[in-house]
Amino acid sequence: SSCTGQCKSCNIPGSQGSCVNIPSGQTDDNATVTCNAGNVCNGAGVCKVANGQACPGDPSTCLNGVCADGVCCQSTCTGTCMACNLPTKEGQCLNLPLDATDNAPVCGGAGDANHICDGSGACLLVDGQACLINANCAHHNCSALFCAP
C-alpha cells in the first residue's frame with residue numbers, strides 16, 4: 001500500500017515493506033498530514049503533543065496523557081516543590097531550585113511567607129524563622145535557634 005497515513009511507515013527496521021506504526025516518540029515527516037513540529041507518534045498510529053510542549057487544553061492530546069504546569073509532562077508532577085516547566089527541562093518533573101516558591105501545594109508565596117523550596121523537593125523554613133535543627137531550614141543552617149543563610 002502507499003502507507004501515507006499519519007504515524008505509519010514501510011521503512012521501520014525489522015518491518016521493512018510492511019505498513020506499521022511508527023514507534024512512540026518519533027516524528028512522521030512523510031505522511032499526508034505530518035506529525036512533527038512539537039508533535040510525535042505514540043506507537044499506536046496516533047500523533048500526540050510531545051513532552052515539554054505547551055498543553056493544548058486536553059491532557060489526552062499529550063504523548064503521556066499528562067498536562068502539568070502548562071506543558072505535556074512525563075508524569076503528573078504533583079509533589080511539593082516540583083515542576084514540569086523548568087527552563088531547558090520542560091516535560092521533565094524536577095525539583096524546584098533553592099529559594100523557589102510553589103503554589104500547588106503552597107510553599108512560599110500565596111500567603112506563606114515562612115517557607116521556600118530547598119532544591120531537593122522539600123518545603124522548609126526561610127531565613128529568620130525559629131528552628132531547632134539544621135534540617136528545619138531551607139538553607140540547612142539553624143543558628144541560635146533561627147534559620148540563617
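The values are calculated or read from the model by the stated rules, or taken from the named source; none is laboratory data. All values derive from a computational prediction rather than experimental measurement. A quick note on method: Cβ atoms are made from the backbone with ideal geometry, for glycine too, and the neighbour counts reach across all protein chains shown. The protein model used for the area step is the full one, side chains on, heavy atoms only, and it has no ligands, DNA or RNA in it. Shrake-Rupley method; radii C 1.70, N 1.55, O 1.52, S 1.80 Å.
Tabulated results
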{"item": "Charge dipole (debye, nearest 20) of the chain; +1 at Cβ of Lys and Arg, -1 at Cβ of Asp and Glu", "result": "460 debye"}
{"item": "Label-point gap, in nm, between Asn136 and Ala113 - each point 7 angstrom along Cα→Cβ", "result": "2.0 nm"}
{"item": "Hydrodynamic radius of the chain per Kirkwood, over alpha carbon pairs, in Å", "result": "17.7 Å"}
{"item": "Stretch gain in nm, segment Ser2-Asn103, where the contour uses 0.36 nm per residue and the Cα spacing is subtracted", "result": "31.3 nm"}
{"item": "Among Ala122, Thr88, Thr32 the positive-end extreme of the charge dipole of the chain (Cβ point charges)", "result": "Thr32"}
{"item": "Protein accessible area in the chain, 1.4 Å probe - carbon and sulfur %", "result": "51 percent"}
